[in-house]
Each structure stands twice: as C-alpha cells, then as structure tokens.
Amino acid sequence: MITGHRGAAALAPENTIASINKAAEAGVKWVEIDTQLSADGIPVVIHDETVNRCTDGKGRIADLTLAQLKRLDAGSWFHPSYANERIPTLVEALDACLSLGLTLNLELKVHHDEQIEPLVNSVVALIREKGYPIDKLLFSSFQKKALELCQQLMPEVRRGFICEVWNNFSLPSIQACQAYSVHIDHHILTPAIARNIKNAGYVLKIWTLNNADKAQYFFDMGVDSIITDAPDKF
C-alpha cells in the first residue's frame, strides 16, 4: 500500500540507485522513478528537464549524452555522504529493482510532446530486450498520448494515468488509454472524486503524501496506494 517516490526521496538523493536501496530498506514493495532520454537516446533516470537541481552540472538532459551525464555528481546536493552518486540508466535501475524484489512504477517523463514517441519506443524496446517481468512493472504518465502508445506497443504492461487536476474530461481521458490505475495529487482528492474513480473500476493511488498521520484518512476514502518520499514513516 506504500510506494517510495523517486526511490525514497527523503532518505537519499532522488532517482538514484541509493534511493532505490533506501526504499527497499524501508520495507516497501513498490518504487516510483522517472525516465527520459539522453541526447544519444539512452533512457536515464531523472525527473527534471535539466540537471541543474540534482547534480553539480548544468544543462538540459536532452542536450547531454550518457557519457556527459555519467560524469556528474548526483548525490552531493542531498548530503556529502552521497558524493559521486551517479544518474542511473534505466537498465541499472531495472536491475536494482529486480534484485531487491521491487515492483516498479515507471513514470515516462515527457517535457515536450515531441519526446513522447522516441521515449516510449526506446523504453518498450529496452523492456522487451531485457525480458523484464511485466508483473513487476507499471508505466505511468501525465501524458495521455504516451499511455496510448504504451497500450499499442506493450498492452500487457499496466498503465497509470497521473492527474494534478480533475474535471469532466478526466475520466474519458483515463478510459481512452485503458488505464489500470489513477495517480492523483492528494491535495485535490475529495471523497466524491475518489468514489468516481473507484466506481469506474480503477486502482487509486495518491502522490506525494509525506504525513503518515493522514494515511488512514485516505485509505478510508478508498485509496489503494500512497506514493511518498518518506516510506520509513509509514
């Protein structure tokens, strides 16, 4: 019922192997991480459009090759003990999750629409090449088009629609990409919205709740899973 967000972002530098390890140590069975493409088309694990916030470098991910990304320190910003932690490739993150027995909520991080097709194609090809177990994987995205393409290319993998707003168009969008789950900002979830989602047959996940005292409130509302930076608190 608890998913570590970006690994365990409150315990180690987000979206790193160290963060995935910390999530496993906290006892979770699920982790969420973000993936996008380097300049040379390699899926890497990082959230922002640039490396500025979470490394000692500068620049857009899409403009930096894997070799350039791998030279960056992705840990010291969080704490000196994580100096020289590196941006993982998606392959490295998949291997870590598999070795730890974790199920992966893989967010397809799209900053511009033209990135959708190359990213989904690359990720699907990599998953197939590695023979990664589909029962250990869920694709998620804010982008309906990304999830629709996932459904076309790899329908056997579950898909999660991420929402930061909710309106009359939300459920039709979720239905269009044949989603398995709805991942909604916990700040906007109401009992009425929760009922609509659950009555439509979807698994309901919320992000990013770090206050464990509020967990029961959301579980009583019908929430199936809480995505949190601090899985140790739960």
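The values are calculated or read from the model by the stated rules, or taken from the named source; none is laboratory data. Remember, it's a predicted structure, so these values are computed and weren't measured experimentally. Here the Cβ positions follow ideal geometry from the backbone for every residue, glycine too, while neighbour counts run over all protein chains shown. Heavy atoms of the whole protein, side chains included, go into the accessibility calculation; ligands, DNA and RNA do not. Shrake-Rupley method; radii C 1.70, N 1.55, O 1.52, S 1.80 Å.
For the range 17-140, the dipole from Cβ point charges (+1 on Lys and Arg, -1 on Asp and Glu) about the Cα centre works out to 280 debye, to the nearest 20. Taking a ≥ b ≥ c as the square roots of the Cα gyration tensor eigenvalues, the range 38-156 comes out oblate, since a/c reaches at least 1.5 and a/b does not exceed b/c. Evaluated with a Cβ-only charge set (Lys, Arg +1; Asp, Glu -1), the chain carries a dipole of roughly 320 debye about its Cα centre, given to the nearest 20. When a 1.4 Å probe is rolled over the protein heavy atoms, the share of accessible surface on the range 96-187 that falls to carbon and sulfur comes to 49 percent. A Gaussian network model of the chain, with springs between Cα atoms under 10 Å, assigns the largest mean-square fluctuation among GLY222, GLY27, GLY201 to GLY201. Summary: within the chain, the longest segment free of GluC sites (Glu not before Pro) located in DSSP loops with at most 13 other C-beta atoms within 10 Å is 1-155.
Among (1) 52; (2) 57; (3) 43, which one is percent of Cα pairs over 24 Å apart computed from these coordinates? Working out percent of Cα pairs over 24 Å apart from the coordinates points to (3). Cross-link reach is defined here as a Cα-Cα straight distance under 29 Å, omitting same-chain residues fewer than 8 places apart; for LYS198 the lysines meeting it are LYS29, LYS109, LYS136, LYS144, LYS145, LYS214, LYS233.
Of the accessible area of the range 24-77, computed with a 1.4 Å probe over protein heavy atoms only, carbon and sulfur atoms account for 52 percent. For the options LYS144, LYS205, LYS130, a Gaussian network treatment of the chain with springs between C-alpha atoms closer than 10 Å singles out LYS130 as fluctuating the most.
The Cα center of the range 10-45 and the Cα center of the range 163-196 differ in position by 25 Å. In the full protein context, the range 23-174 carries 45 Å² of accessible surface per residue, based on a 1.4 Å probe and ignoring ligands, DNA and RNA. Where is the GNM fluctuation largest for the chain (alpha-carbon springs, 10 angstrom cutoff): ILE188, ILE116, ILE134? In this elastic network of the chain, the residue with the biggest mean-square fluctuation among ILE188, ILE116, ILE134 is ILE188.
Dipole of the chain computed with +1 at Lys/Arg Cβ and -1 at Asp/Glu Cβ about the Cα centre; of TYR180, PHE142, ILE227, farthest Cα towards the positive end is TYR180.
With contacts taken as Cα pairs under 8 Å and at least 6 residues apart, the range 87-234 reaches a relative contact order of 15 percent. Dividing the helix sum by the residues of the chain, where each DSSP H run of 4 or more adds -39500 (n - 2.57), gives a mean residue ellipticity at 222 nm of -9000 deg cm²/dmol.
Size of the range 138-213 from its Cα atoms: along the principal axes, largest to smallest, the extents are 40, 26, 18 Å.
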